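Chemist: Would you mind keeping the following structure in view while I ask a few things?
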Amino acid sequence: MVERSKVFRDRAKNNANNSNGWTFSCIIRYIQHQKERAERKEITARTVKNYFQVIKLFCEMSDFSSMEEDKKRPSKKQEVCTNN
């Protein structure tokens, strides 16, 4: 499990530069799958919430939030253009 988490984190960081939404897509598909399981009564809604909390913690620990902030932050070239 630890190895799979590291592989996911590395792939997500590599794809962050491409802006293809791979990480976001994977997480949404996983949560959607868990919601469908809850609808079929295979798991409870609380279990889905617990999965979501774990994913959120994983993203915070893997520093995905700073990757998103880097995308929002203007580049040096953009800053120079706006200052003139």
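Values in this text are rule-based calculations from the coordinates and carry no lab data. Here the structure is a predicted model, which means the values were calculated and not measured.
Chemist: What list of ³J(HN,Hα) couplings, whole Hz, do you get for segment 25-42 from phi and the Karplus terms 6.51, -1.76, 1.60, once you set θ to phi - 60° and write x for glycine and proline?
Modeler: Per residue, the Karplus-derived 3J(HN,Hα) values read 4, 4, 5, 4, 4, 5, 5, 4, 4, 5, 5, 5, 5, 5, 5, 7, 6, 7 Hz.
Chemist: Per-residue HN-Hα couplings for segment 49-63, Karplus 6.51 cos²θ - 1.76 cosθ + 1.60 at θ = phi - 60°, whole Hz, x for Gly and Pro?
Modeler: 4, 4, 4, 4, 5, 5, 4, 4, 5, 4, 5, 5, 5, 8, 6
Chemist: ILE43's amide H: which non-local residues (gap 5+, or another chain) put their own amide H closer than 5 Å, with H modeled 1.01 Å from N in plane and none for Pro or chain starts?
Modeler: Answer set, sorted by chain and number: ALA38.
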